[in-house]
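Student: There's a structure below that I have some questions on.
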Amino acid sequence: MKRRQVLQLLAGATLSMSCGAVAQTSKTYRVGTLTVGPPIPPTAGTGKMLVEGLEQRGFKLGQNLVYEARGAAGKVSQTANLMQELKAANVDVVVTVSYPAAAAAKASGVPTVIASGSGDPVKTGLVTSLAQPGGNVTGISDDAAALSTKRLGLLKQLSPQLRRVAMLWNKDDLGMSQRYDASAKAAQEMGVTVLPLGVREPDDFNDAFTTMDSSRPDAILMVSDSLTLLNRKRVFDYAAQHRLPAIYEQDFVARDGGLMSYGADQKESFDRAAALVTKIFEGAKPADLPFELPTRYLLVVNLKTAKATGINLPPDFVALADEVVE
Amino acid sequence: MKADVKQNASAATTGLDRPDVAAAVSGASVVRSLLFVKYVALLIAVVVLALIANGIFEVWFSYREHKSALIDTQRLQAQAAADKIEEFITQIDSQLGWTTQLPWTDGTLDQRRFDALRLLRQVPAITELAQIDASGHEQLKVSRLTMDVVGSGIDYLDKPEFKLAMANKVYYGPVYFRRESEPYMTIALAGARRDSGVSVAQVNLKLIWDVVSKIQVGANGRAYVVDGGGRLIAHPDISLVLRNTDMSHLAQVESARAGSAGDPVQTALDIAGHEVLTAFAPVVPLGWYVFAETPIEEAYAPLYTSIQRTGYVLLGALGLAFIAGLFLAGRMVGPIQALRAGAARIGAGDLGQRIKIRTGDEVEALANQFNDMAGKLQESYADLEKKVELRTHELSDALDQQTAISEILRVTSNSPSDVQPVLNSVAEHAAHICDAQVVEVFLLEGKVLRDAAWYGDFPRLSEIPLDRATVIGRSIYDRQPVHVADLLTAGDEFAAGREYARKMGHRTILAVPLVREGRALGTITIRRAEVRPFAPKHIALLSTFADQAAIAIENVRLFEAEQERTHELSESLRQQTATADVLKIISRTTFDLQTVLDTLVESAARLCEAEKASINRAEDGGYRAVSTYGFSPELKQFAAEHLIPAGPASVTGRTVAGGATVQVLDVTADAEYKTTAYMKFGKVRTLLGVPMLREGMPTGVITMMRSEVRPFTDKQIELAQTFADQAVIAIENVRLFEEIQEKSRQVEEASKHKSQFLANMSHELRTPLNAILGYTELILDGIYGDAPDKMRNVLDRVQTNGRHLLGLINDVLDLSKIEAGQLALRLSDYSIKEMMEGVYVAVEPLAGNKKLGFRLELSEDLPTAYGDERRLSQVLLNLVGNAIKFTDTGAVTMKAAAANGSYTIAVNDTGPGIAEDDQAKIFEEFKQSEAAQTKAKGGTGLGLSIAKRIVEMHGGRLWVESTLGKGSTFFFTVPLKVESQARAEE
């Protein structure tokens, strides 16, 4: 018995010498993030989720990991230049949020992981198949187009008399346009009219609000992208002012003052993105890494906003929420 | 101990050579180290073998233990994972159970919807939940991704999730992939009550991955899940799953699916083809399997360590064994070494050597015995030496004799043709070895013994008569050695010998005869001046010498006989070679008579050893020398100017007159011989005349002359006659050849004259005929006024026959031109196609008149050709004209095709055909087919002959293929590029 232990000890020693984990090597890995919104900091929000995910997998910021964040702050046309900056900074992988960022990253040839907000990559033409992406792009595909109908359903559940919904989306973002199309189609099936409010720049919001003033909707559905997110407070204010129920995509929007949100669990999405980044660090090619779909979708309800705007949320509805902000 | 031996050895040095001893000792050190090395190696080998055997056992068992430990761990891990998966599914089952408790009544829909949504919240793995009522229609569907659907009524009756759930309470669907990406499974659960319907959940199995990914198998192993169909459901590498990988072909999966029968596979290849240790556990309710695998290298790891460790131990043991070996071997080898060194010195001859070993064991006893042996050896050595000396002396005597014998043999073999050196050598050696004052060799010649060789200081006898009363004579008569110890006291038996002894002063004598095949050839005698008899060995030796001398004499005789025969043979060969040479020249130069005759006379003269020779042929008033040998220029001049007289005045005349060979031994002694003028130019004594006979009649004579009186032998005369016959044949050959040449020249001349005549005649005939035809035509055209019908008929016939005659003349003209060699081809580039089309246009009316089909078939790619286009057109016109002429119904076809540098034209008709016998004839001049209708069609019978020659002048070929009654095809092939005019075949 003793001899076996000794043998195992010896075997273990040999093995531990042979299997050097990636994280133990001296190489420094560089991850970049690219968004059309403001740069994603590594210390908060989705950036933090990504960095934590990487840390769990052996890449520690300040030790063997360098984090480069670039954001166009709403100026979509800047995206390509920012991507070139990242490439010049020699990043191993770029993690993107939004379709324009993904498209710019794809064009640069740098291995790319889409974390969220880029629609169906097959439909937008970023890849040919989810199972076999085939290019330099992989990541998380959101089913957001279908989800928009779920969001409509939630609005309808909240106010059964729903007849007209105002939809706000960034007309310049192909991923967003897809969502609009899917939602408009679902709305028609439900007998609900859609008030299309496509925006391209911050100033367009005023026009959108004017349109809503003239033909008043029963609810607002905001399709999230950096443009709309940057101007979310204005939408919150307008909804509150006109006592309109509104639904958003990301959980943090509801926490931030939106009435409610329904969408993929960001934490999960960025954790999966971190897993994909790790694989690319370890030498895998994005072409061989299938896209993944989110598993968890969170319904977040902000009771504070509801109270403030005087919208009555039935208890059954609240009971179904994954998170209630009070 | 070694030091002991050395001291001892140097102290006991004897008179023997030191280098020998030194060499023996150095040889010893090599042997010593061998033994030493053997002992050391043996010790090391024993230790190492034991260690290696132990190492192998240890390595093997540790590998086995480690492997089974790994497999056990893996099985446990797989089981744990299977349990977790089962728990995951069971949990979903129980959660689903809540949704199937309410019966389907209208009021329950809201409640159900709420329950369903709550379920989604509680169980993240369920993405979609549908509720089916008892009649199989969907009443409610809630989803995380899309809007809720109420009362869609979708029919589930035939779907397995409904049917099987109703039957079995619970249904687990196959794994499927949403959007080719996410693994999903359908779980359906029927309520406890019949009317509570079925809940169908779409379950995301990605969560199972978490379970699987977290399993750490060994250091580099992994766990994965495979469904009942062998498809990969979960794997740490999600990509593999998403690619819908089929694992069913892996041995371990196959074995697991096959059930519990037999031992599960423990080592197999994984999906990447690496060898792995594998264990599995089933997930019972789902029919899935969880596999845990580690690379086989992990199982091998202890193997390597063990090998390494065994290696270290081995190295250490090796060192120890080496040191122990050195020590032990030193102890063992030392005394043996001392013993061996001492023995070596004794062996090398150092008999005073004594070995000192004090080990008190067998080795010491052995050393003592060696010492005793050395002492005994030393004693017997002196005795031996004396004997050796005696024997050596005897041997040296024998050696001297052997040397002498071999010396004589050497001399014998060196001079096969001369016996003298042999005899000299015998004499000299006999004197030395037998210690005699004088040795003499006599050879018998009739009744006299002649002195042939001599050695010694006595006076020499040149010859003595054969006499029984001498010792020498007696040895010859008796053919055996005769030995007399003292001639002076020997009595009267050797009275003559005694006289010699007195005269020459010898006393003891030994005579040995040289005998060969029972005949005495001579004798060897050895003598001493004092009375001292020869020893028997001397007699024996001398007998040997005598035999050798006899053999030598016989050899020389045989050699000379052989020489004689060889000389005769080579002489005969020389004559035959000369004869053959002459024949060769005759056959080679049949037509150059002079060369033949010169060669003949020269060869004859040489072989017959004549100094001069000549061939003389009859001329008016005498004979002329037409070919000579050995004549000086003046004599040649004289012979050219003067004829040899006929009749008995010359040998030539006499030979002709007699018709037989004549030899005059000495012309100076011959009264009738009058041809003495020749003697001015050199002596002539013996003369030979050989007749050259054709059909018994002499046509000339070969004479041969010698300046001395020496008759020609029969052989030489025979040879000369052979040459005379050859000369006749050669002369005849030349005559016949010249005759034939003259005749053929005459024939050729005649033929040319004929052709020339024909050519001229045809031309002369054509001119007036043209006038006749011309005028007839003018009359018919009415130039000279209208002619009455009767006259017209006659004129038509005149014209027809005239044209036929003109054609005939033209043909004859062509043919004669060709034969006279006057027809030249005018070579130029031309188009085959155009040529054939030209002919087609020209002949088409003829075919039209006879209502015959007429076709021209040309292949597309006919190249430009080079030749006489006009003449080839003529050929084609003739062939096509003939075809139309002889064909009454059907069609005529012309075809052309080119290949391999030439082209072939075929003219095919459906006429009567040509009998096989006629096919060759039709190409001869003035010949037509024998068939009756040919006569009716007319024609000159020259056309084909001309056509054939024109084609041949182009270097081509014209031929016909025909079957009687079925038509004919005429072909001709012509090179595309005619380089120069070829001769038409005569």
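Student: Just checking, which of B:A341, B:A256 is closer than 30 Å to B:M373 by Cα, out of contact with any Gly (no Cβ under 6 Å at 6 or more places or on another chain) and crowded, with 16+ Cβ neighbours inside 10 Å?
Tutor: Only one candidate passes the filter, namely B:A341.
Student: Got a number for residues in region A:292-302 being more than 12 Å from every other protein chain (Cβ to nearest Cβ) and out of contact with any Leu (no Cβ under 7 Å at 6 or more places or on another chain)? Talk me through it step by step, then tell me what you get.
Tutor: Step one: list which residues in region A:292-302 are more than 12 Å from every other protein chain (Cβ to nearest Cβ), which gives A:300-302.
The next check asks that each one be out of contact with any Leu (no Cβ under 7 Å at 6 or more places or on another chain); those that pass are A:300.
Residues that pass the stated criteria total 1.
Student: In addition: Going through B:T392, B:T412, B:T403 one at a time, which residue ends up being among the polar types (S, T, N, Q), more than 15 Å from B:F545 (Cβ to Cβ) and either part of a helix (DSSP H, G or I) or in contact with a Cys (Cβ under 7 Å, 6 or more places away or on another chain) (or both)? Walk me through it before giving the result.
Tutor: Numbers: B:T412 fails: more than 15 Å from B:F545 (Cβ to Cβ); B:T403 fails: more than 15 Å from B:F545 (Cβ to Cβ).
Exactly one of B:T392, B:T412, B:T403 is among the polar types (S, T, N, Q), more than 15 Å from B:F545 (Cβ to Cβ) and either part of a helix (DSSP H, G or I) or in contact with a Cys (Cβ under 7 Å, 6 or more places away or on another chain) (or both), namely B:T392.
Student: In addition: Going through region B:115-149 one residue at a time, which ones are open to solvent by 30 Å² or more (accessible area, probe 1.4 Å), more than 10 Å from chain A (Cβ to nearest Cβ) and in contact with a Lys or Arg (Cβ under 9 Å, 6 or more places away or on another chain)?
Tutor: B:E128, B:A134, B:Q139
Student: Give the number of residues within region B:235-253 that are away from chain A (no Cβ under 14 Å) and in contact (Cβ under 8 Å) with a residue 24 or more places away in the chain.
Tutor: Here is the first cut: in region B:235-253, the residues away from chain A (no Cβ under 14 Å) are B:246-253.
Okay, now just the ones that are also in contact (Cβ under 8 Å) with a residue 24 or more places away in the chain, so B:247, B:252-253.
Residues meeting the conditions: 3.
Student: How do the pairs read when you match residues in region B:759-771 that are in contact (Cβ under 8 Å) with a residue 60 or more places away in the chain with residues anywhere that are hydroxyl-bearing (S, T, Y), using Cβ under 6 Å and keeping only pairs 6 or more apart or on different chains?
Tutor: B:A759/B:S816
Student: Look at A:V31 and say whether it is aliphatic (A, V, I, L, M) and either open to solvent by 50 Å² or more (accessible area, probe 1.4 Å) or outside any helix (DSSP H, G or I) (or both).
Tutor: Values: aliphatic (A, V, I, L, M): yes; either open to solvent by 50 Å² or more (accessible area, probe 1.4 Å) or outside any helix (DSSP H, G or I) (or both): yes.
For A:V31, the condition - aliphatic (A, V, I, L, M) and either open to solvent by 50 Å² or more (accessible area, probe 1.4 Å) or outside any helix (DSSP H, G or I) (or both) - is met.
Student: Also, I was wondering about something else. Suppose the filter is touching a helix residue (DSSP H, G or I) at 6+ places or on another chain (Cβ under 6 Å) and under 21 Å from A:Q157 (Cα atoms); does B:D110 pass it?
Tutor: Numbers: touching a helix residue (DSSP H, G or I) at 6+ places or on another chain (Cβ under 6 Å): no; under 21 Å from A:Q157 (Cα atoms): yes.
In short, no.
Student: When both residues are 6+ apart or on different chains and their Cβ atoms are under 8 Å apart, which pairs have a first residue that lies in region A:272-284 and is over 17 Å from A:G135 (Cβ atoms), and a second that is buried (at least 22 other Cβ atoms within 10 Å of the Cβ) and among the acidic types (D, E)?
Tutor: From region A:272-284, the pairs are A:R272/A:E292.
Student: Restricting to region A:245-291, count the residues that are of a type in the set (G, A, S), at the interface with another protein chain (Cβ under 10 Å from one of its Cβ atoms) and within 12 Å of the chain's Cα centre (by Cα). Before you say what the answer is, go through the steps one by one.
Tutor: The initial filter retains those residues of region A:245-291 that are of a type in the set (G, A, S), namely A:246, A:254, A:257-258, A:261, A:263-264, A:269, A:273-275, A:283-284, A:287.
Filter again for at the interface with another protein chain (Cβ under 10 Å from one of its Cβ atoms), leaving A:264, A:275, A:284.
Right, trim to within 12 Å of the chain's Cα centre (by Cα) and you get A:264.
Total satisfying the criteria: 1.
Student: Looking only at helices (runs of 4 or more DSSP H) that lie completely in region A:127-220, which have at least 2 residues being more than 14 Å from chain B (Cβ to nearest Cβ) and open to solvent by less than 10 Å² (accessible area, probe 1.4 Å)?
Tutor: On the way: elements: A:144-158, A:174-190, A:204-214.
So the answer is A:174-190, A:204-214.
A quick yes/no check of all residues on (1) charged (D, E, K, R); (2) in a helix (DSSP H, G or I); (3) at pLDDT 90 or above:
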residue	(1), (2), (3)
A:D271	yes, yes, yes
A:I280	no, yes, yes
A:V300	no, no, yes
A:D316	yes, yes, no
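Student: Which numbered condition in (1) at pLDDT below 85; (2) in contact with a His (Cβ under 8 Å, 6 or more places away or on another chain); (3) more than 21 Å from B:L102 (Cβ to Cβ) is the only one that B:D155 fails?
Tutor: (1)
Student: In this structure, does B:G360 turn out to be of a type outside the set (S, T, N, Q), closer than 30 Å to B:G55 by Cα, free of Cβ contacts under 8 Å to residues at least 60 places away in the same chain and exposed (fewer than 12 other Cβ atoms within 10 Å of the Cβ)?
Tutor: Details: of a type outside the set (S, T, N, Q): yes; closer than 30 Å to B:G55 by Cα: no; free of Cβ contacts under 8 Å to residues at least 60 places away in the same chain: yes; exposed (fewer than 12 other Cβ atoms within 10 Å of the Cβ): yes.
In short, no.
Student: Among the residues of region B:817-847, what is the count of those that are hydroxyl-bearing (S, T, Y) and closer than 19 Å to B:M953 by Cβ? Break it down stepwise before answering.
Tutor: Narrowing region B:817-847 to residues hydroxyl-bearing (S, T, Y): B:828, B:830-831, B:840.
Now restrict to residues that are closer than 19 Å to B:M953 by Cβ: B:828, B:830.
Total satisfying the criteria: 2.
Student: Here are some residues: B:L240, B:L277, B:L314. Which one is in contact with a Leu (Cβ under 7 Å, 6 or more places away or on another chain), open to solvent by less than 20 Å² (accessible area, probe 1.4 Å) and not small (G, A, S)? Step through it out loud before you land on a result.
Tutor: On the way: B:L240 fails: open to solvent by less than 20 Å² (accessible area, probe 1.4 Å); B:L314 fails: open to solvent by less than 20 Å² (accessible area, probe 1.4 Å).
Of the residues listed, the single one that is in contact with a Leu (Cβ under 7 Å, 6 or more places away or on another chain), open to solvent by less than 20 Å² (accessible area, probe 1.4 Å) and not small (G, A, S) is B:L277.
Student: If B:L207 meets every condition in (1) away from every other protein chain (no Cβ under 11 Å); (2) open to solvent by 50 Å² or more (accessible area, probe 1.4 Å) apart from one, which number is that one?
Tutor: Among (1) away from every other protein chain (no Cβ under 11 Å); (2) open to solvent by 50 Å² or more (accessible area, probe 1.4 Å), B:L207 violates only (1).
Student: Give me the residue from region B:161-180 that is under 30 Å from A:P290 (Cβ atoms) and not in a strand (DSSP E or B) and, out of that set, farthest from the other protein chains (Cβ to nearest Cβ).
Tutor: Keep residues of region B:161-180 that are under 30 Å from A:P290 (Cβ atoms), which gives B:161, B:171-180.
Now drop any that are not not in a strand (DSSP E or B), which leaves B:161, B:179-180.
Values: B:E161: 22, B:R179: 6, B:E180: 4 Å.
Per the stated criteria, the residue is B:E161.
Student: Can you name the residue in region B:96-114 that is open to solvent by 30 Å² or more (accessible area, probe 1.4 Å) and in a helix (DSSP H, G or I) and, of all such residues, is farthest from the other protein chains (Cβ to nearest Cβ)?
Tutor: It comes out as B:D106.
The values are calculated or read from the model by the stated rules, or taken from the named source; none is laboratory data. Predicted model only: the values in this text are computed from it and were never measured. All Cβ positions, even for glycine, are placed from backbone atoms using ideal geometry, and neighbour counts span all protein chains on display. The area values use the complete protein model at the heavy-atom level, side chains included, leaving out ligands, DNA and RNA. Shrake-Rupley method; radii C 1.70, N 1.55, O 1.52, S 1.80 Å.
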